[in-house]
Amino acid sequence: MRAVIVTGAGRAFCAGADLGAGGRTFDRADRSTADEHRDGGGRVTLRIFDLKKPVIAAINGPAVGFGITLTLPMDVRIASTAARIGFVFARRGVVPEACSTWFLPRLVGMSQAAEWALTGRVFSAEEALAGRLVSRVVAPDALLATARELAREIADNTSAVSVALIRQMLWKLLGADHPREAHRIDSLGMFWTGRSPDARFAAPEHRHAAVLSLVAVIDWALGALVITAASFVQGLAGFGIGLVGLAFLPYLMSPATAIVLLTLYAAPFTLGVFIQLRDDFRLSGIRDMLVGTVLGTPIGVWGLAALPASLINRLIGVFILLIVILEVRRLFPERLPGRGWGFGAGVLSGVLGGAIGTPAPPVIVYSMTQGWTPRRMKANLQAFMVVNQTLILGGYEWAGLLTREVWHLGLSFAIPALVGVLAGIALFGRIDAVRFRQIVFTLLFISGLVLLVRG
């Protein structure tokens, strides 16, 4: 890990402490005396201050109280135009915490720090930029892409040792009494870093650029391989692009980006496969699932924006492995009669698809108990997925998750994805029903195990 990005889950960055209890908010049973008390915010910011990695704050919404003092020891603060910032302590009858009276004047100057802290008012991202609290202000849908671009620039072009030393030197020399102290530390640092392998390697700049280009090519090739394999499974089985892709893509990009990217491919792919099998489709088979997914999808999209992806990954991994165990032990039901099962499968599919990009398992379980032929099953699943993926993409757009970075990656991997799905479609007709079922549950087992272990 070369850099850290901190942002808020949902529409706010951080609303600060809950002061609803009034004076009782700060009563703590474990505090015996005032001298022994240390506020929790200060413990956090001191840990950030001592980090060896650069920390970037992507302030996506309201950040007040501890929500903004938390960011002060971070190295770069980038704000969305939707951000609202406030050092509101004086208006709550308390004082600034989290070591902010040390950090803030050093970042913005005494006069600006005093104005914000003494008035306690909430101000805009533009005022924060003018006061030098943030380095730039960008549109909400560009915030994470901008932060990731900066983090990637640091990771791809710098020495990790140099960055760690520079970070500590910039912060800890702020209190030096004389430039000679900086001269002494600079000289010591140059003495040792000048003898490091990083310094010797960086001398021929063309070699450094060539290695960076090679790394970028390798990253793209690995991503293309995963996308091709996941798309092949999608074309072969009518599902699985999320199951396969999410087992590997998060090693190459953020989980949220991978989820939205795979959904972006899944929507047109399911439509294309459905057109090929439209004569085998029966609306009556999926009507209840469609109603369920309309209700479940908004919950799933909210989950992707608000809940830890690792938690959702492990829950779905447990669910998938449970289904495989039922199949292997021959406890899997041959029939699930009644409309409630289809409705429930649709709700779960909407929730899981919106949250983690894997809507298929619940509707697969339901579909395999309906006595459909492989072609009928694939056709009905594709029709359901067309609606499901369209709803999910609409939710992602509303939540600001369909970023420029996702569209760029979508275009970058378009050809490998198309090759994979066409190959899967071509092979589908050569597989019998028994073999088809084996492939389905093998994929589910592998994906469930990876999700459970990796989180």
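Any read-out appearing in this document is the output of simple, stated calculations on the displayed coordinates, not a laboratory observation. What you are looking at is a predicted structure, and each value in this text was computed from that prediction instead of being measured. Here the Cβ is made from the backbone with ideal geometry for all residues, glycine too, and neighbour counts use every protein chain on show.
The table below lists the values:
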| quantity | calculated |
| --- | --- |
| Protection-proxy order for peptides 255-266, 414-425, each taking the mean of Cβ atoms within 10 Å per residue, highest first | 255-266, 414-425 |
| Karplus 3J(HN,Hα) series, Hz, for the stretch 167-177 with 6.51 cos²θ - 1.76 cosθ + 1.60 (x for Gly, Pro) | 4, 5, 5, 4, 6, 7, 8, 4, x, 5, 7 |
| Local net charge near residue 132, Cβ-Cβ under 12 Å (Lys/Arg +1, Asp/Glu -1) | +2 |
| For 453, 324, order by how many other beta-carbon atoms lie within 10 Å, fewest first | 453, 324 |
| Gyration tensor over alpha-carbon atoms, the stretch 332-403, equivalent ellipsoid semi-axes in Å | 26, 13, 9 |
| Whole-Hz couplings from phi, Karplus 6.51/-1.76/1.60, listed for the stretch 270-278; x for Gly and Pro | 5, 5, x, 5, 4, 4, 5, 10, 4 |
| Built amide H within the under 5 Å cut-off of residue 98, gap 5+ | 41, 42 |
| 5 angstrom amide H check on residue 59, placed H, neighbours 5+ away | 78, 79, 80 |
| Percent antiparallel among DSSP beta bridges (both partners in the stretch 48-202, rounded to 5) | 25 |
| Pairwise FRET efficiency - residue 415 versus residue 166, Cβ, R0 = 41 Å, nearest 0.05 | 0.50 |
| Theoretical gain in end-to-end length, residue 325 to residue 115 [0.36 nm per residue, Cα-Cα removed] | 69.3 nm |
| The stretch 351-357 - phi-based ³J(HN,Hα) in whole Hz, Karplus 6.51/-1.76/1.60, Gly and Pro as x | 5, 5, x, x, 7, 9, x |
| Mean projected area in nm² (Cα convex hull; one quarter of hull surface) for the stretch 44-154 | 6.5 |
| Burial ordering of 341, 398, fewest other beta-carbon atoms within 10 Å first | 398, 341 |
| Extension gain, residue 184 back to residue 152 (0.36 nm per residue minus Cα-Cα distance, nm) | 8.4 nm |
